[in-house]
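Below is one structure, written out as structure tokens; the observations come after it.
Coordinate-derived values only; no laboratory data. Since the structure is predicted, the reported quantities are computational estimates derived from the model, not experimental observations. Reconstructed Cβ throughout: ideal geometry from the backbone, glycine too, with neighbour counts over all protein chains shown.
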Amino acid sequence: MSSLKIGIAGLGTVGAATAAVIEENASVIARRTGRTLEVVAVSARERRKDRGIPLDRYRWYENAAELAVDPEIDLVCELIGGSDGVALEVVRTALAAGKHVVTANKALLAHQGATLAGLAEQQGVSLAFEAAVAGGIPIVKALREGLAANRIRRITGILNGTSNYILTTMRETGRDFASVLAEAQEKGYAEADPSFDVDGVDAAHKLCLLASLAYGCLPRFDAMRPEGIRGIKPVDIAFAGQLGFRIKLLGSARLTEAGLVLRMHPAMVPLSAPIAAVEGVFNGITVEGDRVGVAVFEGRGAGAGPTASAVVADIIDIARGLRLPTFGVPASELADRPMAPVEDLIGSYYLRLEVVDRPGVLADVAAVLRDQHVSIESLIQRGRDPEQPVTLVITTHDATEGAMSRALATIAGLPVVLEAPTMIRIEQA
Ligand code: NDP
Ligand code: HSE
């Protein structure tokens, strides 16, 4: 049985788990692949760190770029992370040396994916990234292969395990954002820079990769304006429940006549939507295709085992001889699609205002919404104490983003409004 020789650059949460899966599931993988997978070399920063795997059987490289040109290696796993620096150097060097590359690095691909995919094609090797999107869920394979016959109407998804874990735990325990984030970091879900998780950047990286697969276009992360979950308060989570919603960090991608729509922001999702039930570190993705209808994918979106499962699935594809363009179409044919203007997008909204409790306040707020043609769908105001601020919760009918943001700017400036308004979009996910 021939063997595929592998070098692993990066031995953290994902890298160490990848080496472990290859070792521990060797017999089942060999039976399915008809080849053996053999890790021959590794690289990380600190040689003496205990990684829970025996390192003495592998060649050790201080410099990961040197591992990338090791003549014995057929395939390099880049599991270091980061959109440039050493990760970029390792991937570029390995591809240029004619080696296949498997990576879990969505930041790198969101920024450099088209160029690297072009280099892989020139060199006749694979650049695969199943683990980069939604951890253990095979959504890349689903879009590139299983759903390849469809025109994709819409992709909606929870694509960051850390922020979903935080929102779920805040709702279940009433604990604050900071303490739940620390717990997610301890569990190995969070990125090296956790602001990527909670500010929607990591999920936006993933969404733009899914959009490239679905719409055959260049990754357009540069054109996205992700919003994260730092501003979500327990009070909003509680109101969402009362109104029949759950708050999720939601991504959505569509191709419209006005251009590509790529959104990443917290959203109120109806409790009846499949995605509302996706909790904890789980990710969930709904794909609507013109032939398949709606297909729902759910699974662990982060963590050692699920991510290593996806890394090794790509390695197995390559060992089997499967060669597909990174984004499903040749890199030279990836379209540079324009983005649809955000201010024209239509949706409905949840607003929470802390206001002075006195006659006419409601009329002032309603007048601003009226002037922007934003129609109120429901309104909650409870309590009566002229000495205390009162919470006003409004949901709206459909309005454009432009109208809503103009209304918000005016409302924020009203003397009776005591703190910055909270706005959360309502999505029929
Ligand atoms: P970690 O921070 O746990 O591991 C990073 C590894 O890279 C460490 O072993 C580190 O070495 C090594 N490293 C850092 N700099 C260098 C360098 N200059 N040369 C060689 N090695 C270096 O990250 P994760 O395992 O969590 O993430 C790896 C990749 O997987 C990232 O792209 C991430 O986005 C992606 N990913 C992670 C998921 C997760 O759940 N954690 C899920 C899906 C994707 P040392 O250990 O010595 O410090
Ligand atoms: N930090 C990421 C998450 C890891 O929480 O989803 C998976 O990409």
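Some notes on this structure:
- For VAL393, VAL269, the sequence from fewest to most other C-beta atoms within 10 Å is VAL393, VAL269.
- Taking ASP70, ASP56, ASP199 in turn, the Gaussian network model of the chain (Cα-Cα springs below 10 Å) assigns the largest fluctuation to ASP56.
- VAL28-VAL294 pseudo-label distance in nm [points 7 Å out on the Cα-to-Cβ vector]: 3.2
- Computed from the C-beta positions of ARG320 and GLU172 and an R0 of 35 Å, the FRET efficiency is 0.25 to the nearest 0.05.
- The Cα atoms of segment 139-300 define a convex hull whose projected area, averaged across directions, is 9.5 nm².
- Charge context of ILE155, other residues only, Cβ under 10 angstrom, K/R +1, D/E -1: +2
- The string of couplings for segment 132-149 from the Karplus curve (6.51, -1.76, 1.60, θ = phi - 60°) is 6, 10, 6, x, x, 7, x, 7, 5, 5, 4, 6, 6, 10, x, 10, 5, 7 Hz, one whole number per residue in order, with x for Gly and Pro.
- Under 14 Å, Cβ to Cβ, from ILE73 - net charge with Lys/Arg +1 and Asp/Glu -1: -3
- In segment 228-301, the trypsin sites (Lys or Arg not before Pro) that fall in loop regions by DSSP, at most 13 other Cβ within 10 Å: ARG291
- Two-site FRET efficiency, LYS49 against ASP222, from Cβ-Cβ distance with R₀ of 45 Å, rounded to 0.05: 0.80
- Taking amide H positions as modeled 1.01 Å from N, with prolines and chain starts lacking one, the residues under 5 Å from ARG59 and 5 or more places away or on another chain are ALA41, VAL42.
- Using Cβ point charges alone (K and R +1, D and E -1), the dipole size of segment 1-126 about the Cα centre works out to roughly 260 debye.
- Ranked by how many other beta carbons lie within 10 Å on average, peptides 207-214, 311-318 from highest: 207-214, 311-318
- Rg(Cα) / (2.2 N^0.38 Å) computed for the chain, rounded to two decimals: 1.08
- Taking θ as phi - 60° and the Karplus parameters 6.51, -1.76 and 1.60, the scalar couplings of segment 414-429 work out to 5, x, 7, 8, 8, 8, 4, x, 9, 10, 10, 6, 9, 10, 8, 5 Hz in sequence order, x denoting glycine and proline.
- DSSP beta bridges confined to the chain are antiparallel in about 65 percent of cases.
- Within a Gaussian network of the chain (alpha carbon springs, distance under 10 Å), most fluctuating of GLY289, GLY383, GLY81: GLY383
- Sorting HIS100, HIS373, HIS205, HIS265 from the fewest to the most surrounding beta carbons within 10 angstrom yields HIS373, HIS265, HIS100, HIS205.
- Inter-part distance, segment 126-153 to segment 58-79, computed on C-alpha centroids, equals 27 Å.
- Computed packing ranks the peptides 108-120, 84-96, 403-415 as 108-120, 84-96, 403-415, most packed first, by mean other Cβ atoms within 10 Å.
- Using R0 = 56 Å, the C-beta based FRET efficiency linking ARG57 and VAL342 works out to 0.60.
- Rg(Cα)/(2.2 N^0.38 Å) for segment 343-426, N = residue count: 1.03
- Pairwise centroid distance, computed over Cα atoms, of segment 1-32 with segment 186-212, Å: 25
- Paramagnetic label reach from THR36 (point 7 Å along Cα→Cβ; backbone nitrogen cut-off under 16 Å): within segment 49-65, residues 57-59.
- Net +/- balance of residues flanking ASP199 in space, Cβ distance below 13 Å, scoring K and R +1, D and E -1: -3
- Length-normalised contact order for segment 139-300 - Cα pairs under 8 Å, 6+ apart - percent: 34
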